Every structure is written in C-alpha cells, then in structure tokens.
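Student: Below is a structure I'd like to ask you about.
The values are calculated or read from the model by the stated rules, or taken from the named source; none is laboratory data. The model shown is predicted, which means the values in this text are computed figures rather than measured ones. With ideal geometry, Cβ positions are generated from the backbone for all residues, glycine too; neighbour counts draw on all protein chains shown. Keep in mind that these areas ignore ligands, DNA and RNA; they rest on the heavy atoms of the full protein, side chains included. Shrake-Rupley method; radii C 1.70, N 1.55, O 1.52, S 1.80 Å.
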Amino acid sequence: MGIREDFKDILIVDEDGRIEYFTIYNLDFFGLTPNVMLGTKPYQHYKNLDDETSTLMRAVNHGETTLGSVQELETAKSEIVRQTSDTFCIKRDGEVIGAIEFAYYDDEKDVVRQNLQDSAEKYCGDMSQTIDEIISGSKAMKPLVKKLRKLADWEAPVLITGETGSGKSYIARALHNSGKHQRKKFVYINCSSVPENLFESILFGVKKGAFTDATERDGLFLAADQGSIFLDEIQSTPLSVQKKLLRVLEEKRIRPVGGDEELDIDVRIIASCSKDIDSLLKSGQMRSDLYFRLAVTQLEVPPLRERREDIELLSCKFLEKLNCMDENKKVTGVDSKTLQFFYAHDWPGNVRELKNILESGFYTAKDNIIHFNDIKGRFEKEDGEAGEEQNIWVNMFDESGKDLRTFMNDFQKNIIVQELQRNSHNIPDTAKALGISSRMLKYNIEKYGLK
C-alpha cells in the first residue's frame, strides 16, 4: 500500500511518551477531543495498542526510528483504520527527549475513507466557536468583539496578544469560523511545543532526500492552503524561522526543506503572543520586522480580572459543555459562596484556570451544584492549609458587613485613589502600577467619579 498524502496527522511526544502536540484532521472519527489527547500516551486511545506495539513509545523507550510501519488500529468507537506511519526520535546531545510521528490513513471501508477525505478538505476546527458565542457582557470585552466582527473577512495577518489562559486560541478560532474562511481549513500549531530542529520541516514540509531517510511530506502551511493557520505562542519560534515566516507574509510563498522550487500558498496567518512585546523586541527574541508585519491588526484579550462581570456567564457556558460531554451527570451551577469567591479571586491563570476549576468541581460535586468544598482544594497550598492571601480576602469581606459587589467596588476604588495619588495622577504610570491598561483605568476613574 502506498503512502496516502491526503490524510496526514502529526503527533509529538515528550521523553515519557506523553503527547505534547498534535494535528489530527478528524478527531470525532477516532472518538477523541483535544483536552483528552494532551498529556496522555498514544496507545491509551486505541484498543489494540500497548507500550510495546506503539511506534511512538518504542521510539522514546528504545530509540527506534520506524519508516513505513503499517498497522490496523481499533479506535475507541471500535472502528478499524489502517495507518502507515513514519516515526523519528527527537534527540538532544545524543539523548532521546521525545519523538515525532507522521501518520497516513487508508481503510478498506469506503465510508471511513470518505469521512477522512471530507474532514481533510473542510476541516476548520470547532464550528461552535464563533464571534457570536464569545461571552462579552463586560465593557472590557465589547471593543474586542466589535473589532473581531470587522476583521472576520479580512485576509491581512492578525496578532492576538494577552496573558496565558486568557482565551487567545478561542479568539483565533472564532475569527476563522465567523467569516468567509469558516468552511475552509484551520490549522493550529503551538510553537512552544515544537523542537527547534523540526520547526522548518513541520511548517514548510520536506522534499525526499533532504536528509538521511527523509520522506517527502507537506508542511502545515500547505495543509492550511486556502484557509487559516494559527501560530500560537509565535515568540517561541527560532529567529531563523522568524526570518522565513516574514518572507511567507510578504511573498505568500514557501520553500520545503531540501526543495529547489518555491510553492505559492494562500493562507491567512493568525498569531498569538503571551509575552510583553516590548521586552521581546528589546531582548531580540522577536524580530521587529516580523512583529510589525504581523501586527497589521493587533487584538488584545483582557485578563479575567479585568472582566469579572463575565465570570458567571463563563461558568454557565463551561458547565453546559461539561453536561453535554457526560450524559450521566448534570451540574446546573455553583453556590453563592463559590460565586463570591470567584469574583474575589485574582485569576492568575485567567479563563483557563476558571475552566479547569469548574471541570474539577463538576466531577467531585455530590449533587447538581458545585459547592465551595468541591473546589477549595484547588486553591490550597501544598501543606493543606488555605493560602494566606485567600484567608485575608475572606476575613476582610466578612468583617465589612457589605454585599460582595459593594465590597469589591469600594476596595477597588480605594486602591485606585491611592495609586493615583502616589503617581501624581499620571494615567500611564498608575495603570502600570495597577497592572491594568490605561483604557481600563480611565473607565474605572469615570465609573467611580474620581475626576
């Protein structure tokens, strides 16, 4: 059986064999979801694989490179699919630190082949993630959503900035799914999880003979042709690759590793960055010409602490999805104490932290409501005692005799007044001291009548 070039998946595992990165065209067919995949071992998702028969596990455990391995895999849904794979060890200083596998699928059942082909041609991620589905009740989110609607049909590159966990990936998918690109392919890659020596081959592809045992394959840019590619955490790309990305942006052409000819592509590039741009530029971690070319349009996703009004709606949305995933359990909300804690918490992990905590509470809740005792362990220190900062917050709230909204408003107002006085009412300096944007500071000054 020849290698099928049209159905192609990529998996990267760490030294323990746990999945760090993947791109799979048809997750539904295999009965998989992204959060189920990451951090697990490949053989856990197939009924007839184990630690010794998985080519990726043999690569990390025994240092084996496997080319053209053909296996019939039984999925969680008891479907049989034939896979041809090329598996390579990832080494550093001679030691195996992970492995990468390129898989191609060919099945005797026409329906399976057609499902995979449809997915490869039309894949665009989770179609439920659209601009209309973004929770944007807070004033901090409304300008972002308004700008997203204007950008939906644009071809120009977009740079999404924001803290880790603030929802940059969701925004990228929503942008793709809401415009004329929505029925086209959406290809995602987390740049921080790709080994430096594999960046070019994964992004731009490989020509046969480029290096020893090289198998010709397309890269992710060709996979995304006519659609969108999302370069998550783009600041993690090596400078040599950044130079080539700049050329792709300017000329819309790529050159595969070992290739003599350049290939034309039509791809909208969406990138994200969770680090301070100025620091990256000053330190030389990001090329300034790449940044200015990417930031034709720049979107800043506010942290959750600047959009506390959205917490209750976000919680409801996450619980609705969890209810759909588990038919045997139904959780309708959180109790008042938990919600009060959510409003008071600083959320260093942002929306992702909220989602993870709710997921934990969902499975530990003894009835259809998440109580504070169901999730408080997520906020406790390793010695089992509640963190000192949380105790201070709870004590201050209890002693105030106020309802939560009044307590938080008064507390925030007092802090802003103090910082304004300390910084001689200089808006940029005060905003920096508070860790918020100047726009958010001006909004709060007007809100609390501090002019």
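Student: For ALA140, indicate whether it is out of contact with any strand residue (DSSP E or B) (no Cβ under 6 Å at 6 or more places or on another chain), of a type in the set (A, V, I, L, M) and outside any helix (DSSP H, G or I).
Tutor: Criteria met by ALA140.
Student: Tell me, yes or no, whether segment 143-157 has at least one residue that is aromatic (Phe, Trp, Tyr) and closer than 30 Å to ARG92 by Cβ.
Tutor: No, segment 143-157 has no match at all.
Student: Out of everything in segment 207-233 that is of a type in the set (Val, Ile, Thr) and surrounded by fewer than 22 Cβ atoms within 10 Å (Cβ to Cβ), what residue ends up being modelled with the highest pLDDT? Break it down stepwise before answering.
Tutor: Initial filter on segment 207-233 (of a type in the set (Val, Ile, Thr)): 212, 215, 229.
Applying the additional criterion that residues be surrounded by fewer than 22 Cβ atoms within 10 Å (Cβ to Cβ) yields 212, 215.
Details: THR212: 51, THR215: 62.
Of everything passing the filter in segment 207-233, THR215 is modelled with the highest pLDDT.
Student: Okay, next question. Please identify the pairs in which a residue from segment 176-188 that is outside any strand (DSSP E or B) has its Cβ atom under 8 Å from the Cβ atom of a residue that is crowded, with 21+ Cβ neighbours inside 10 Å and of a type in the set (Val, Ile, Thr), counting only partners at least 6 apart or on another chain.
Tutor: Close Cβ pairs (under 8 Å, with a partner that is crowded, with 21+ Cβ neighbours inside 10 Å and of a type in the set (Val, Ile, Thr)) amount to HIS176/ILE270.
Student: Let me ask something additional. When the residues of segment 59-75 are narrowed to those that are open to solvent by 60 Å² or more (accessible area, probe 1.4 Å) and out of contact with any helix residue (DSSP H, G or I) (no Cβ under 6 Å at 6 or more places or on another chain), which ends up nearest to GLY98 (Cα to Cα)?
Tutor: ASN61
Student: Ok, one more. Of everything in segment 336-367, what is outside any helix (DSSP H, G or I), surrounded by 15 or more Cβ atoms within 10 Å (Cβ to Cβ) and more than 21 Å from the chain's Cα centre (by Cα)? Give them in sequence order.
Tutor: First pass over segment 336-367, keeping only residues outside any helix (DSSP H, G or I): 345-349, 365-367.
Checking which are surrounded by 15 or more Cβ atoms within 10 Å (Cβ to Cβ) leaves us with 345, 347, 349, 365.
The answer is HIS345, ALA365.
Student: Considering only residues of segment 3-17 that are open to solvent by less than 50 Å² (accessible area, probe 1.4 Å) and assigned to a loop (DSSP other than H, G, I, E, B), which is modelled with the lowest pLDDT? Walk me through how you get there before you give the answer.
Tutor: Looking only at segment 3-17, we keep the residues that are open to solvent by less than 50 Å² (accessible area, probe 1.4 Å), and these are 7-14, 17.
When the remaining residues are screened for being assigned to a loop (DSSP other than H, G, I, E, B), the result is 7, 17.
On the way: PHE7: 42, GLY17: 89.
Ranking the qualifying residues of segment 3-17, first place goes to PHE7.
Student: Do you know which of the residues in segment 249-284 that are more than 28 Å from GLY165 (Cα to Cα) and of a type in the set (Val, Ile, Thr) is most open to solvent (accessible area, probe 1.4 Å)?
Tutor: In this case the residue turns out to be VAL257.
Student: Mind checking whether some residue in segment 49-72 is over 27 Å from PHE221 (Cα atoms), modelled with pLDDT under 80 and not in a loop (DSSP other than H, G, I, E, B)?
Tutor: yes
Student: Note down all Cβ pairs under 7 Å where the first residue falls in segment 236-252 and is over 13 Å from ASP289 (Cβ atoms), the second is surrounded by fewer than 18 Cβ atoms within 10 Å (Cβ to Cβ), and they're at least six residues apart or on different chains.
Tutor: Pairs that qualify, where the first residue is over 13 Å from ASP289 (Cβ atoms) and the partner is surrounded by fewer than 18 Cβ atoms within 10 Å (Cβ to Cβ), are SER236/SER192; PRO238/GLU196; LYS252/ASP264; LYS252/ASP266.
Student: Something else about it: Could you pull out every one of the strands (runs of 3 or more DSSP E) wholly within segment 199-314 that has 3 or more residues that are closer than 27 Å to PHE22 by Cβ?
Tutor: On the way: elements: 228-232, 268-273, 297-300.
Result: 228-232, 268-273.
Student: Can you tell me which residue among ARG308, ARG293 is closer than 30 Å to PHE407 by Cα and open to solvent by 40 Å² or more (accessible area, probe 1.4 Å)?
Tutor: ARG308
Student: Right, next: Among the residues of segment 203-218, is there at least one that is of a type outside the set (A, V, I, L, M, F, W, C), within 28 Å of LEU151 (Cβ to Cβ) and free of Cβ contacts under 8 Å to residues at least 40 places away in the same chain?
Tutor: no
Student: Could you list, in sequence order, all residues of segment 18-38 that are part of a loop (DSSP other than H, G, I, E, B) and modelled with pLDDT under 80?
Tutor: If the condition is that a residue be part of a loop (DSSP other than H, G, I, E, B) and modelled with pLDDT under 80, then ILE24, TYR25, ASN26, LEU27, ASP28, PHE29, PHE30, GLY31, LEU32, THR33, LEU38 are the ones that fit.
Student: Do we have any residue at all in segment 310-321 that's under 22 Å from SER178 (Cβ atoms) and without any contact (Cβ under 8 Å) to a residue 12 or more places away in the chain?
Tutor: Yes, the conditions are met somewhere in segment 310-321.
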